[in-house]
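**Q** Let me give you the structure first, and then I'll get to my questions.
Every number in this text was worked out from the coordinates using simple rules, so none of it is lab data. Not measured: the values here are computed from a predicted model. We place every Cβ from the backbone using ideal geometry, glycine too, and count neighbours over all the protein chains shown.
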Amino acid sequence: MAVALVLVLIVVGSVLFHLLSPWWWTPIASNWVYIDNTIIITFWITGVVFAAVVLFMAYCVFRFRHREGNRAAYEPENKRLESWLTIVTAVGVTALLVPGLFVWSRFVNVPSDATEVEVVGQQWQWSFRLPGKDGKLGTSDTRDVTTDNPLGVIASDPNGQDDVLVEAADLHLPVGKPVKMLLRSIDVLHDFYVPEFRAKMDMIPGSVTYFWFTPTKTGTFQVLCAELCGQGHPLMHGVVVVDTQQDYLAWFGQQQTFAQLSAPQQTGAADNAPGKTMAPAKTIAPGLKIAAKLETVGSR
Amino acid sequence: MSVIIVFLFVIAGFAGWWLSHQGLMSKPWLEQGLAGDFVALDRSALPTAKIGLGVFLAVVGCLFALFTSAYFMRMAVSDWQPLPLPRLLWLNTGVLVLSSIALQCATVAARRGQIDMVRLGLATAGLTALAFLIGQLMAWRQLTADGYFLTSNPANSFFYLITGMHGLHILGGLVGLGRTTAGAWNAARPERLRLSVELCAMYWHFLLFVWLAVFALLAGWAATFIDICRQLLT
Amino acid sequence: MVDITPADGIPPAEVAEVELYHPHSWWTRYVFSQDAKVIAIQYSATATGIGLVALVLSWLMRLQLGFPGTFDFITPEAYYQFITMHGMIMVIYLLTALFLGGFGNYLIPLMVGARDMVFPYVNMLSYWIYLLAVLVLVSSFFAPGGPTGAGWTLYPPQAIMSGTPGGQDWGIILMLSSLILFIIGFTMGGLNYVVTVLQGRTRGMTMMRLPLTVWGIFTATVMALLAFPALFVACVMMLLDRVLGTSFFMPAISEMGEQLQHNGGSPILFQHLFWFFGHPEVYIVALPAFGIVSDLISTHARKNIFGYRMMVWAIVGIGALSFVVWAHHMYVSGMHPYFGFFFATTTLIIAIPTAIKVYNWVLTLWRGDIHLTIPMLFALAFIVTFVNGGLTGLFLGNVVVDVPLSDTMFVVAHFHMVMGVAPILVVFGAIYHWYPKVTGRMLNEMLGRFHFWVTFLGAYLIFFPMHYLGLMGVPRRYAELTDMTVMTESAHHLNSFISIMAFIVGFAQMVFLFNLIWSIRHGREAGGNPWRATTLEWQTPQTPPAHGNFGKDLPIVYRWAYDYSVPGAKEDFIPQNMPGSFGPSREPA
Ligand code: HEM
Ligand SMILES: [Cu+2]
Ligand SMILES: [Cu+2]
């Protein structure tokens, strides 16, 4: 009796929790509503199956619990029933898989008008690189990483000279324009994850991975690292700001290009634009800050 | 991972063949009484130790198939620079073949009960296997002398790793062979001796096969072979 | 209908080839014993001991997550060491060892009607190497730098770099060595379990008459033998990377402004190798649980397992399929995106045989005579948690749904439900079921019910709400949940609640341990077959079974393992070794 009741309560409780609890996904800010829809379909199908199986169990426990003189039925198998169940399951699984695969093919096929943005992960901070006027990112190599060239842009590549570097600062993106995020790491695995965008992908040292999305809402969003990357992993936050086209251009205009950033060594004091000398100092700051924080925590 | 998948297909083939003899379609609740006298449904007539060794060799095969898979995956990257195989490996291969042949002779002799031949075969097999190991070590020395160090490049690392693993398995086999040889000199239980000589031979042939595959892999023939197959298919 | 009337004077079954080892002293009887039953108990005790360590670690982690900033001694460094050791111990040193080394050793020889495993000496070695592996693992707690904090997946390059606890100290070296030892030890044991099922079966015990427990353990062992080499290869290669400076998995890396020596390795290669082992591992833990739970349900519902043939096919099918789904753990790893199509399809196909198993379990209850004994309660709880966890698997297996959910708390909730809670519930059910055979006494009923309700409901309350944290976007493996916009105030409260539940559930396990020890002396006498079960282990002449299991003659098997409530039979069960014909279409004997 009690057991059957508890089983029913589990189903009812789970469904109520699902419907009433305040814990649900963050409002979406990208084009990947398809993903949310697929999740909703999945919730429906799996929810029905869960409720059906557990309620059926509850009924059996209630109805066929042992009483004096009872004897179980003898039924080794029932071919027809089993075939039917198999078919129904196969149909359900297909109903889950097919929409999923359609959305996946969208996810992996980047639209041709997407602009490229490079994200570079390192322990434990995010940097970004945007193509300059030529619309192309220059090549890069971890072997070329130095304090003056923290992203390892290959200096001899002309495409790289006008690339805009955002070192350990916020990334801005224009709303409504598809972007292809090119993901790179110079040390360990990281994963660029903005919950509101739904999309994510690991970053692997030695290769470039990617995903694409279109921001659909302006606002400020937090970047979380979603692949264990050492002690600083939970503190490896970043910020993506989705701007209107105007604000975006204004921001873009203030950024430094690779050529400008590497220039100070040659032109020295002649270059007196404010904030210019700040940039390299800022570069290492957050990563080191986290490292320092960990240090103090560790010494406690 | 294609190599390991192919390997597992072969294993699955064996498993499927065996399962197909286990009456998987039968309805056991209807078969009361002494069903075990259907020969195929009972255990195999092979000695248990042989089956045990067979299962173990499947595991070893799996191990080397995985190394091969890893090798191919790494090889696909453009910066791959295979190292030149020392000539000595040819000689070593020959020695290992000899070792297998010697054990095969010992097996035949054991079946015929010619204990002297068994001893001769076992001793030859053991010595040639030792010679193979020494040859492998010399090949390593040659390579390091020529500047192909373990850490200088992934292809080198793979070479040392895979040959080393194979060598370790031979070494393990030598322990078994040593015990068998001791048994051959005591000659206390001929039945038992026959079985252990057969087991040794089985293990030796398998490791020879693994070595040939590894050799082909490291020499780059395996990759060429696969390329040809791929071209034939497309 | 195949009818083989037993001829008169069937000779007793005997396996001539296997020589039974006879102990000569106290040492060889209880310590360096070659008797599978003793080895089983050694395995179980060691696994339980190390499992307790993992349980305590889970409390520490929950303290940190539930009450962030309150416990200073749990630094991020320590937190990562805790999750790594917790995860690795639970999956490998506890569950794999317990199901295969513990239950496998105890049940296989008894259930197939053998006197012992076929290679008892190797079997003994297997345990001692396992113990050594455990000791090496434990020693890493005391090594300079502490245990590794690389996560149980040990992903390079991070695992062997200085930003990870133990990466440049002893931690990772000891972990890899311990795993290598474990695999060697396991292979020795695994050979025994497989070959004993192949060759050790007594007369009449065809494969299709085996209880599903044996089918589950057998298939899982075959899988483990083929999957563990992948972990072995990965461990050896990583060990070389760490100790000798090779670059199997290490590309060019600039660590904190410094260029490392490594060059040209592939981190993805490790992930493929790891998950080629890691996914089958899930089923290595699940299949024995499937098998055992089938027998628990059938015995305690007094009804044959529904669709036995389908159950066997499903076990074999799941075992085979699970080797071609590994990359579903790598959807967002940056591998070629087109793999996603293939692996999502194979993964969802596995759902079909798995679902069939679930249907057959619940259909076994239908028109049964359900005794709500403690093993039965645990079996029911298993179905609930397994169905729940299996269904969330359909989220994560469906490649595009996995994109937002991977590496979040959703994943943590999912795998705890399906391979943490569900198999552990079966372990408990199995212990309540077979304890009387092992000790001759029943476990205390009241303590058992308390243990059941707290464990089942508590675990459900821990892990069900956790899915929703993941849905919000809370990543897993976060030592600190501060400064995150997705973590609302209420989500912090939820986390505290989960932590409190974790402590309550943990406490219930202490009650269980007490019960285990107390009942050895004070439990009710059980008799040889307290559950009135059909399988051979309940038909031994002595309880606990003596050395050699079956007295002078081995039993002869006349029927399958599930002759419960056969019409026409007097009792509602017919032991497998009972001759005679019963059944709907024949004369009552
Ligand atoms: C009441 C029991 C348990 C509690 C409270 C618990 C709690 C936890 C927690 C808090 C984490 C870390 C989550 C994170 O920060 O990402 C974790 C990770 C994990 N647990 Fe458990 N756990 C329990 C039982 C189990 C069991 C029985 C298993 C067996 C399969 C298991 C396997 C794992 C694994 C594999 C990980 C992942 C480790 C990693 O991320 O590297 N846990 N558990
Ligand atoms: Cu991270
Ligand atoms: Cu998996």
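**Q** Can you compute the radius of gyration and Dmax for the range C:252-363, using only the Cα atoms, both in Å?
**A** Taking only Cα atoms of the range C:252-363, I get Rg and Dmax of 19.8, 68 Å.
**Q** Also, quick follow-up: R0 = 22 Å: FRET efficiency of B:Ala123 with B:Arg192, Cβ-based, nearest 0.05?
**A** 0.70
**Q** Against the longest principal axis of chain B, how steep is helix B:190-219, in degrees 0 to 90 to the nearest 10, with axes from Cα atoms?
**A** On a 0 to 90 degree scale, this one is about 30.
**Q** What residue among B:Ser69, B:Ser99, B:Ser26 shows peak mean-square fluctuation when chain B is described by a Gaussian network model with Cα springs under 10 Å?
**A** In this elastic network of chain B, the residue with the biggest mean-square fluctuation among B:Ser69, B:Ser99, B:Ser26 is B:Ser26.
**Q** Separate question: Answer with one residue from C:Leu131, C:Leu52, C:Phe99: the one whose Cα lies farthest towards the positive end of the charge dipole of chain C, charges on Cβ with Lys, Arg +1 and Asp, Glu -1.
**A** Of the candidates, C:Phe99 comes out farthest on the positive side.
**Q** Under a 5 Å amide H to amide H cut-off, with H placed in plane at 1.01 Å, what residues pair with B:Gln32 once short-range neighbours are removed?
**A** C:Ile4
**Q** May I ask you to work out the translational diffusion coefficient for the range C:36-250 at 4 °C, viscosity 1.567 mPa s, via Stokes-Einstein with Rh from the Kirkwood sum over Cα pairs, reported in whole µm²/s? Intermediate values should be presented prior to the final figure.
**A** Details: Rh = 18.2 Å.
So the translational diffusion coefficient is about 71 µm²/s.
**Q** While we're on this one: Out of residues 5 or more away from A:Glu227 or on other chains, whose amide H comes under 5 Å of its own, with H placed 1.01 Å from N in the peptide plane?
**A** A:Asp191
**Q** Also, quick follow-up: Just want the ordering: C:Phe270, B:Phe9, C:Phe452, from fewest to most Cβ atoms lying within 10 Å of their own Cβ.
**A** B:Phe9, C:Phe452, C:Phe270
**Q** Next up: Work out how far the C-alpha atoms of the protein assembly as shown reach from end to end along every principal axis, then list the three figures in whole Å, largest first.
**A** Result, largest extent first: 109, 77, 60 Å.
**Q** Within a 10 angstrom radius of the beta carbon, how do C:Ser126, C:Ser140 rank from fewest other beta carbons to most?
**A** Lowest to highest Cβ neighbour count: C:Ser140, C:Ser126.
**Q** Mind giving me the FRET efficiency for A:Asp170 and A:Ala51? R0 is 51 Å, r the Cβ-Cβ distance, nearest 0.05 is fine.
**A** Efficiency, rounded to the nearest 0.05: 0.70.
**Q** For a quick check, take a GNM of chain A with Cα springs below 10 Å and name the residue from A:Leu171, A:Leu96, A:Leu55 with the largest mean-square fluctuation.
**A** Of A:Leu171, A:Leu96, A:Leu55, the Gaussian network model singles out A:Leu55 as fluctuating most.
**Q** A further question follows. Could you please rank B:Phe206, B:Phe149, placing first whichever residue has the fewest other Cβ atoms within 10 Å of its Cβ?
**A** B:Phe149, B:Phe206
**Q** Going by alpha carbons, how many degrees (0 to 90, nearest 10) lie between the helix axis of C:76-88 and the longest principal axis of chain C?
**A** The two axes meet at around 20 degrees.
**Q** Taking θ as phi - 60°, what are the ³J(HN,Hα) couplings along the range A:188-201 by the Karplus curve (6.51, -1.76, 1.60), each to the nearest whole Hz, with x for Gly and Pro?
**A** Karplus values, whole Hz, x for Gly and Pro: 10, 6, 9, 8, 7, 9, 10, x, 5, 8, 6, 8, 7, 7.
**Q** Work out which helices of chain A, taken as complete DSSP H runs, extend at least 24 Å along their axis over the Cα atoms and score a mean Kyte-Doolittle of 1.6 or more, then list them.
**A** Once both thresholds are applied, what remains is A:2-20, A:33-63.
**Q** Using the Cα centre as the reference, give the magnitude of the dipole from point charges on the C-beta atoms of the protein assembly as shown (Lys, Arg: +1; Asp, Glu: -1; all else neutral), rounded to the nearest 20 debye.
**A** It comes to approximately 2800 debye.
**Q** Using 7 Å Cα-to-Cβ label points, what is the B:Thr224/B:Leu30 separation (nm, one decimal)?
**A** Each label point is offset 7 Å from its Cα along the Cβ direction, giving 5.9 nm.
**Q** Rounded to the nearest 500 deg cm²/dmol, what is the calculated helix-only ellipticity per residue at 222 nm for the protein assembly as shown, with -39500 (n - 2.57) per DSSP H run of length n ≥ 4?
**A** -19500 deg cm²/dmol
**Q** Reported to two decimal places, what Rg/Rh ratio describes the range C:169-222 when computed on Cα atoms with Rh from the Kirkwood expression?
**A** 1.24
**Q** Still on this structure, I have one more. I'd like the FRET efficiency for A:Phe43 and C:Met446, computed as 1/(1 + (r/R0)^6) with the beta carbon distance as r and R0 of 51 Å, rounded to 0.05. If you can, show how the numbers build up before the last one.
**A** Numbers: r = 39 Å, r/R0 = 0.77.
The pair A:Phe43/C:Met446 has a calculated efficiency of 0.85.
**Q** Using only alpha carbons, build the gyration tensor for the range B:1-108 and give me the equivalent ellipsoid semi-axes, biggest first, whole Å.
**A** For the range B:1-108, the ellipsoid semi-axes come out as 41, 24, 8 Å.
**Q** Next question, about the same structure. So, counting K/R as plus one and D/E as minus one, what does the shell of residues with Cβ under 15 Å around C:Met310 add up to? Provide the component values of the computation, followed by the final result.
**A** Details: positive: A:Lys79, A:Arg80, B:Lys27, C:Arg309, C:Lys357; negative: A:Glu75, A:Glu77, A:Glu82.
With Lys, Arg at +1 and Asp, Glu at -1, the neighbours total +2.
**Q** Under 10 Å, Cα contacts only: if you run a Gaussian network model on chain A, which one of A:Gly92, A:Gly13, A:Gly238 comes out with the highest mean-square fluctuation?
**A** A:Gly13
**Q** Next up: Just for the Cα atoms in the range B:110-234, what are the lengths along the principal axes, largest first, rounded to whole Å?
**A** Taking max minus min along each principal axis of the Cα atoms, the range B:110-234 gives 55, 41, 17 Å.
**Q** Moving to a separate point now. Roughly what percent of Cα-Cα pairs across the range B:57-164 reach past 20 Å?
**A** 56
**Q** Could you give the dipole magnitude of chain C about its Cα centre, charging the beta-carbon of Lys and Arg +1 and that of Asp and Glu -1, in debye to the nearest 20?
**A** The dipole of chain C has a size of about 1260 debye.
**Q** What does the charge dipole of the range C:535-589 about its Cα centre add up to, to the nearest 20 debye, if the Cβ of each Lys and Arg holds +1 and the Cβ of each Asp and Glu holds -1?
**A** So the dipole magnitude of the range C:535-589 works out to roughly 100 debye.
**Q** Please quote Rg/Rh for chain B to two decimal places, taking the Kirkwood radius as Rh and restricting both calculations to Cα atoms. Intermediate values should be presented prior to the final figure.
**A** On the way: Rg = 21.5 Å, Rh = 20.3 Å.
Result: Rg/Rh = 1.06.
**Q** I would also like to ask the following. Using only the alpha-carbon atoms of chain A, report the extent along each of the three principal axes, biggest first, to the nearest angstrom.
**A** Rounded to whole Å, the extents work out to 100, 53, 34 Å.
**Q** Mind listing P(r) for the range C:461-547? All alpha-carbon pairs, 5 Å bins, whole percents.
**A** All Cα pairs considered, the percentages come to 3, 11, 14, 13, 10, 7, 7, 8, 8, 9, 7, 4, 1, 0.
**Q** Here's something else I'd like to know. Taking trypsin sites (Lys or Arg not before Pro) that fall in a DSSP loop and have at most 10 other Cβ atoms within 10 Å as cut points, what is the longest piece of chain C between them? Provide the component values of the computation, followed by the final result.
**A** Working: sites that count: C:Lys552, C:Lys570.
Longest run free of exposed loop sites: C:1-551.
**Q** Next up: Past 27 Å, Cα to Cα, is the threshold; run A:Lys180/A:Lys217; B:Lys27/C:Lys552; A:Lys79/C:Lys37; C:Lys37/C:Lys570; A:Lys133/A:Lys180; A:Lys79/C:Lys303 against it and keep the listed order.
**A** Check vs 27 Å cut-off fails for B:Lys27/C:Lys552; A:Lys79/C:Lys37; C:Lys37/C:Lys570.
**Q** Taking a quarter of the surface of the convex hull around the Cα atoms of the range C:535-589, what do you get in nm²?
**A** Taking the Cα atoms of the range C:535-589, their convex hull projects to 4.0 nm² on average.
**Q** What residues have an amide H closer than 5 Å to that of A:Gly232, excluding those fewer than 5 places away on the same chain, when H is modeled at 1.01 Å from N in the peptide plane?
**A** When sequence neighbours closer than 5 places are left aside, there are no close amide H contacts.
**Q** Right, something else. Using alpha-carbon pairs under 8 Å, 6+ residues apart, how would you state the relative contact order of chain C in percent?
**A** Relative contact order here is 16 percent.
**Q** Which value in Å is the Kirkwood Rh of chain C over different Cα pairs?
**A** So the Kirkwood estimate lands at 24.9 Å.
**Q** Which of the aspartates and glutamates could be linked to A:Lys200 by a straight reach, that is with a Cα gap under 15 Å, when you skip same-chain ones fewer than 8 residues away?
**A** Reachable aspartates and glutamates: A:Asp36, A:Glu118, A:Asp191, A:Glu227, C:Asp402, C:Asp407.
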